[in-house]
Amino acid sequence: MKDFSDTDWPRQRLNHCLPPAWKLIQNKRLKNGWCDHARKTIRIPPVADLYALAVFLHEIGHATLHKAERGIRHVEEYEAERFSFYALRGFGYSVTRQILAEAKGNVRGRILEDERRKVCINPKIKKWSMP
């Protein structure tokens, strides 16, 4: 696997990854990303490291895989994380321990939210999300 260089990911390349009619906003104040289906906008921190690239690809996963209506949150988060991992590997990068730990924590948080909402939890996803 190759090392990450922020010169690998200029804005033009990031925009090329977006679904049709979507726009990208990078903001230095963000740590995490956000996918707004209503505005067809993805907001992310600047892609200056591999973690930020994983965040970007995670949000691309939401834009690509999920509709505007909210489904079962822990399933959507898990799917977006897996999309990100697949894309990272496809671009020749490794999924680091930090990226994996953040992804599992993200999914665990959504599992807790869904449990409070009395949503049935997918046991495979719950097992995957454990540290």
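The values are calculated or read from the model by the stated rules, or taken from the named source; none is laboratory data. Source: prediction; values computed, not measured. No Cβ is skipped: glycine too gets one built from the backbone with ideal geometry, and neighbour counts run over all protein chains shown.
Just checking, does the stretch 61-72 include any residue being farther than 18 Å from ILE44 by Cα, more than 11 Å from the chain's Cα centre (by Cα), of a type outside the set (A, V, I, L, M, F, W, C) and at pLDDT 95 or above?
Looking for residues that are farther than 18 Å from ILE44 by Cα, more than 11 Å from the chain's Cα centre (by Cα), of a type outside the set (A, V, I, L, M, F, W, C) and at pLDDT 95 or above, one finds none in the stretch 61-72, hence no.
Restricting attention to the stretch 44-65, and to residues there that are surrounded by fewer than 18 Cβ atoms within 10 Å (Cβ to Cβ) and out of contact with any Ser or Thr (no Cβ under 8 Å at 6 or more places or on another chain), which single residue is nearest to SER94 (Cα to Cα)?
Once the filter is applied, the top-ranked residue is ASP49.
Determine, yes or no, whether HIS37 is in contact with an Asp or Glu (Cβ under 7 Å, 6 or more places away or on another chain) and either surrounded by 21 or more Cβ atoms within 10 Å (Cβ to Cβ) or not charged (D, E, K, R) (or both).
Spelling it out, it is not the case that HIS37 is in contact with an Asp or Glu (Cβ under 7 Å, 6 or more places away or on another chain) and either surrounded by 21 or more Cβ atoms within 10 Å (Cβ to Cβ) or not charged (D, E, K, R) (or both).
Being touching a His at 6+ places or on another chain (Cβ under 8 Å) and surrounded by 15 or more Cβ atoms within 10 Å (Cβ to Cβ), is that true of even one residue in the stretch 9-29?
no
Hey, does the stretch 25-39 have a residue that's in a helix (DSSP H, G or I) and under 14 Å from the mean Cα position of the chain (by Cα)?
no
Yes/no matrix, rows are residues, columns are (1) under 26 Å from ARG108 (Cα atoms); (2) without any contact (Cβ under 8 Å) to a residue 60 or more places away in the chain; (3) among the hydrophobic types (A, V, I, L, M, F, W, C):
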residue	(1), (2), (3)
ARG11	no, yes, no
LEU14	no, yes, yes
TRP22	no, yes, yes
CYS35	yes, yes, yes
ARG39	no, yes, no
ILE42	yes, yes, yes
PRO45	yes, yes, no
ILE60	yes, yes, yes
LYS67	yes, yes, no
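How many residues are part of a loop (DSSP other than H, G, I, E, B) and of a type in the set (D, E, K, R) if we restrict to the stretch 107-131?
The number of residues fulfilling the criteria is 2.
Is one or more of the residues making up the stretch 76-94 touching a residue at least 40 places away in the same chain (Cβ under 8 Å), touching a Lys or Arg at 6+ places or on another chain (Cβ under 6 Å) and of a type in the set (D, E, K, R)?
No, the stretch 76-94 has no match at all.
Can you report the number of residues in the stretch 67-92 which are closer than 16 Å to CYS17 by Cα and outside any helix (DSSP H, G or I)?
Summing the residues that are closer than 16 Å to CYS17 by Cα and outside any helix (DSSP H, G or I) in the stretch 67-92 gives 2.
Here's a check for you: in the stretch 90-104, which residue that is farther than 28 Å from LYS118 by Cα and at pLDDT 95 or above is surrounded by the most Cβ atoms within 10 Å (Cβ to Cβ)?
ILE99
Evaluate the following for LYS104: is it touching a residue at least 24 places away in the same chain (Cβ under 8 Å) and assigned to a helix (DSSP H, G or I)?
So LYS104 fits the description; yes.
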